[in-house]
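Input: a single structure, listed below in C-alpha cells.
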Amino acid sequence: MAIAAAQDAIVVMGDIAGPYGVRGWVKVRSFAESPDALLGYGSWWIKSRRDAAWTEFVRLEGRMHSGALVVALAGIGTREAALALKGSEVGVPRKALPAAVEGEIYWDDLTGLCVVNRAGVVLGEVRGLVQHGGHPLLRVERPPVAPGPERLIPYVPAIIDRVDVGGGRIDVDWEADY
C-alpha cells in the first residue's frame, strides 16, 4: 500500500457503505454516472474520514450487486477490516480519468468555485458535493463577511444558471437569506 503524495490529485468517485459478506469485501456507492465505471481502475485510493492521507489499494475483484458495487481489495480479508473502512472515500488519480466531454464537469472541478446569486451577492465557496436522494447538493461555505452555517444548494438546472470552471464561478438562482 502506498500513501498519496501531497501533489497527487485524487478525485473522489464514491464511498464505502460498509462490509459485504464475511470475507472482507466492501459495498461501494459510486458517484459516477455509470456506477460500474470504478471497476475499470485496478487501483483505488481510499481515505477514511479520520485520516488526511489517501492509501492505495489494489482492486482484486468486483461486480455490480443490487445497484451498488461489491469489491474485494488487497489486504482486506475479514469483515472487521472491511467494517473499519465504512464511510471512507474512494478515489482515483485525476490523471487516470478520461477528459470530460463537452458540457460535462467532474464534481471535483466544482470544489473551490465561488457561488454568486443573480443579485451579485457572493454566497460562499463550494467545499464539496453531497449525493442526496434525487440530486446532488453543493456544500457552500459562507464568506467571512456573512458567517453562518454551511449552505446546501441543489445542483439542478432550475437553480444552477451557469458554471464557469475556468473563471472560478457558479451563478445560481438562490437568495442570500435561504
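All of the numbers you see were taken from the coordinates with simple rules; none came from a lab. Keep in mind that what you see is a predicted model, and the values were worked out from it rather than measured. Please note: Cβ atoms are built from the backbone with ideal geometry, for glycine as well, and neighbour counts cover all protein chains shown.
Note on the chain: Kirkwood hydrodynamic radius from all Cα pairs is 17.6 Å, rounded to one decimal. Using the Karplus relation 6.51 cos²θ - 1.76 cosθ + 1.60 with θ = phi - 60°, the per-residue 3J(HN,Hα) values for segment 35-41 come to x, 7, 4, 5, 5, x, 10 Hz, with x marking Gly and Pro. When you count the other C-beta atoms within 10 angstrom of each residue and take the mean per peptide, 86-95, 128-137 line up highest first as 86-95, 128-137. Over all orientations, segment 10-96 has a Cα convex hull whose mean projected area works out to 5.0 square nanometres.
Over the chain, dividing the summed -39,500 (n - 2.57) contributions of all DSSP H runs of at least 4 residues by the number of residues returns a 222 nm mean residue ellipticity of -1000 deg cm²/dmol.
Between A84 and V58, the contour length at 0.36 nm per residue exceeds the alpha carbon distance by 7.7 nm. Within a straight-line Cα-Cα reach of under 13 Å, K27 can be paired with the following aspartates and glutamates, leaving aside sequence neighbours fewer than 8 residues apart in one chain: D15, D36, E61, E89.
Relative contact order, whole percent, for the chain stands at 18, derived from Cα pairs under 8 Å and 6 or more residues apart.
Using a cut-off of under 17 Å, list every residue of segment 126-148 whose amide N is near the label point 7 Å from the Cα of R169 along the Cα-to-beta-carbon line. Answer for this model: 126, 143. Setting aside same-chain residues fewer than 8 positions from K95, which aspartates and glutamates have a Cα under 18 Å from its Cα? Result set, ordered by chain and number: D8, E56, E104, D108, D109.
In percent, rounded to a whole number, the relative contact order of segment 107-172 is 30, using alpha-carbon pairs under 8 Å and six or more apart. Each of I159 and A32 was given a label point 7 Å from its Cα along the Cα-to-Cβ line. The distance between the two points is 2.7 nm.
Each Cα pair under 8 Å and six or more residues apart adds its separation to the average, and for segment 10-96 the resulting relative contact order is 43 percent. In summary, the convex hull built on the alpha carbon positions of segment 101-178 has an orientation-averaged projected area of 5.3 nm². You can think of it this way: the chain between A96 and S66 has 8.1 nm of extra reach, that is 0.36 nm per residue less the Cα-Cα gap.
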